[in-house]
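The values are calculated or read from the model by the stated rules, or taken from the named source; none is laboratory data. Computed from a predicted structure; not experimentally measured. Positions of Cβ are backbone-derived with ideal geometry, glycine not excepted, and every protein chain shown enters the neighbour counts. Please note that ligands, DNA and RNA were not included when accessible areas were found on the heavy atoms of the full protein model with its side chains. Shrake-Rupley method; radii C 1.70, N 1.55, O 1.52, S 1.80 Å.
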Amino acid sequence: MKIINDFLAAVLPYTEWVMLFLIVGGGLYLVAYSKLLPYRYFKHAILITSGKYDNPDDPGEVSHLQALSSAVAATVGLGNISGVAIAIYLGGPGVVFWIWMTALIGICIKFYSCSLAIMYRDKDSEGNLQGGPMYYITMGMGKKARPLAVFFCIAGLFGVLPAFTTNQFTQTLMGVINPNETIAVFGDFNWKLGIGIVLSIITSFVIFGGLKKIAKVATAIVPFMVLLYLFAVIVIMTMNAGEIWPSLKLILAEAFNLKTAVQGGLWGLIIIGIRRAVFSNESGVGNAPMYHGQSKTTEPVQEGLVAMLGPFIDTIVVCTLTAVVIILSGAYLDAESNGIVMTLIAFKKSLFGFGDVLLMIIVSAFALSTLFTYSYYGTKCLSFLTNVKVGKLYNYIYVGSITFAAVASVDLVVNLIDLSFALMVIPNMIAVLYLSPRVNLAMKTYFSKINV
């Protein structure tokens with residue numbers, strides 16, 4: 001594991017420049033090119049998601065709400081609870097500001113990429129309608145661009161492994177329950193291995209049920225887990241109302257702190273913010289278009305508007321609330337705590353000593369919904385590279401990797417996901433930028449014929 005981690009840590013810095021250029025540079029270009037239209041139709045996006053414009057006769061497998069819930073289930077999760085903590089641990093409170101900036105840009109990226117997912121749909125080897133970066137690359141850019149699609153899928157096979165979720169969920173259970181003291185002395189490794197095996201078994205029951213079953217489970221879990229988490233956070237913030245504004249001021253004050261302890265100064269701070277924001281909402285990575293490409297709709301712009309709600313929910317709302325709780329509780333000052341441990345400390349301090357137990361319950365819901373949805377992405381990537389029959393074998397790799405991730409170090413899983421996501425960004429953002437004029441044309445047509 002150490003050898004793998006050292007390799008990942010050595011390669012990762014080389015991808016940072018590319019990611020910065022494509023996510024921030026490319027994203028800012030799309031914001032300007034769209035003339036802020038997606039942002040101006042935010043209310044309309046909510047109405048579409050609510051089902052007001054649904055047509056049961058439209059092609060596709062799932063509704064707008066199911067597609068959004070499934071995509072959000074894969075992004076609203078441990079990335080928002082422990083990912084923010086990791087960012088603050090590495091870069092201090094100021095890193096949250098750069099998470100916000102990346103998320104605002106990400107809203108526009110998500111709009112364009114998920115519009116393209118509907119605009120360019122194709123049938124797989126079994127005749128089922130499919131959408132996603134690999135399809136809008138090959139169909140929108142032509143057959144010569146196929147190597148980009150292949151590159152995306154290969155990186156995706158690693159990027160969608162449930163390493164981070166499993167690892168942080170295992171840390172949560174170990175930290176709250178402390179089984180070596182409360183149950184039996186089997187040693188940390190054996191307990192983590194046991195948790196990984198149990199998670200593998202539970203996940204296998206859901207993911208072998210297919211997309212519709214995954215969408216159904218995710219739709220049921222996502223609203224519950226988000227509301228419960230928001231309720232807990234609001235209680236903490238109400239009890240510490242006087243600390244909210246100072247916490248937000250600290251984020252803004254530290255955002256441009258040139259003397260920050262982060263290695264690399266302000267540049268290091270910005271990179272950490274971009275990394276964690278990209279991991280939180282996956283804008284530009286290309287995962288969400290694979291789900292949104294399955295929506296029952298013939299209007300690409302509608303799906304783009306639905307999809308852009310994702311970064312707002314999971315990064316602007318959930319990440320901000322998590323960050324404020326960590327800061328106002330003082331948990332960020334604990335030099336030893338990283339990842340989910342920091343958030344657990346914040347909740348325990350702020351909720352009468354049992355907040356960590358409540359967070360464990362919430363994290364369980366987040367983790368399971370993420371585990372249930374991520375497998376679908378990998379299956380689509382392998383199916384594109386081979387065929388649907390072979391693609392289904394990815395589920396076995398996915399389930400097996402859960403046990404491995406449970407015993408891996410947090411540094412290893414974070415570096416693996418960061419590198420994979422950075423590599424997925426390259427072909428996806430090239431395609432999104434290249435095809436953006438076609439989305440603008442569709443946007444002009446769509447907005448001219450609706451009355452909102």
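General remarks:
- Top-ranked residue of the stretch 368-388 - restricted to ones that are aliphatic (A, V, I, L, M) and surrounded by fewer than 24 Cβ atoms within 10 Å (Cβ to Cβ), ranked as nearest to ALA220 (Cα to Cα): LEU368
- Within the stretch 113-164, the set of residues being at pLDDT below 90, within 24 Å of GLY310 (Cβ to Cβ) and part of a helix (DSSP H, G or I) comprises GLY159, ALA163, PHE164.
- Any hit, the stretch 417-433, residues being part of a loop (DSSP other than H, G, I, E, B) and either at negative phi or buried (at least 24 other Cβ atoms within 10 Å of the Cβ) (or both): no
- So VAL176, is it buried (at least 24 other Cβ atoms within 10 Å of the Cβ) and of a type in the set (Val, Ile, Thr): no
- Unique residue being polar (S, T, N, Q), farther than 22 Å from MET134 by Cα and out of contact with any strand residue (DSSP E or B) (no Cβ under 8 Å at 6 or more places or on another chain) when the list is THR343, THR379: THR343
- Residues of the stretch 282-312 satisfying the condition of being outside any loop (DSSP other than H, G, I, E, B), more than 18 Å from the chain's Cα centre (by Cα) and at pLDDT below 85: SER295
- Within the stretch 60-112, tally of residues that are modelled with pLDDT of 85 or more, among the charged types (D, E, K, R) and surrounded by fewer than 24 Cβ atoms within 10 Å (Cβ to Cβ): 0
- Hey, GLY391 in contact with a helix residue (DSSP H, G or I) (Cβ under 9 Å, 6 or more places away or on another chain) and surrounded by 22 or more Cβ atoms within 10 Å (Cβ to Cβ) or not: no
- Failed criterion for THR370 (all others in (1) under 26 Å from PHE208 (Cα atoms); (2) in contact with an Asp or Glu (Cβ under 9 Å, 6 or more places away or on another chain) hold): (2)
- Enumeration of residues in the stretch 331-355 that are farther than 19 Å from SER280 by Cβ and open to solvent by 20 Å² or more (accessible area, probe 1.4 Å): LEU333, ASP334, ALA335, GLU336, ILE345, LYS348, LYS349, PHE352, GLY353, PHE354
- Selection of the stretch 101-140 for residues being over 28 Å from ILE271 (Cα atoms) and out of contact with any helix residue (DSSP H, G or I) (no Cβ under 6 Å at 6 or more places or on another chain) yields ARG121, LYS123, GLY127, ASN128, LEU129, GLN130, TYR135, MET139.
- Considering (1) open to solvent by 10 Å² or more (accessible area, probe 1.4 Å); (2) under 17 Å from PHE421 (Cβ atoms), the lone condition that GLY142 does not fulfil carries the number (2).
Quick grid of which residues meet (1) modelled with pLDDT of 70 or more; (2) of a type outside the set (D, E, K, R); (3) under 21 Å from THR315 (Cβ atoms); (4) touching a Leu at 6+ places or on another chain (Cβ under 9 Å):
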{"position": "LYS213", "(1), (2), (3), (4)": "no, no, no, no"}
{"position": "ILE221", "(1), (2), (3), (4)": "yes, yes, yes, yes"}
{"position": "VAL235", "(1), (2), (3), (4)": "yes, yes, no, yes"}
{"position": "ILE244", "(1), (2), (3), (4)": "yes, yes, yes, yes"}
{"position": "LEU250", "(1), (2), (3), (4)": "yes, yes, yes, no"}
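- Condition met for PHE347 (in a helix (DSSP H, G or I), modelled with pLDDT under 90 and not small (Gly, Ala, Ser)): yes
- Checked against the criterion of being within 17 Å of ILE326 (Cα to Cα), assigned to a helix (DSSP H, G or I), modelled with pLDDT of 90 or more and among the charged types (D, E, K, R), the stretch 264-280 has no qualifying residue.
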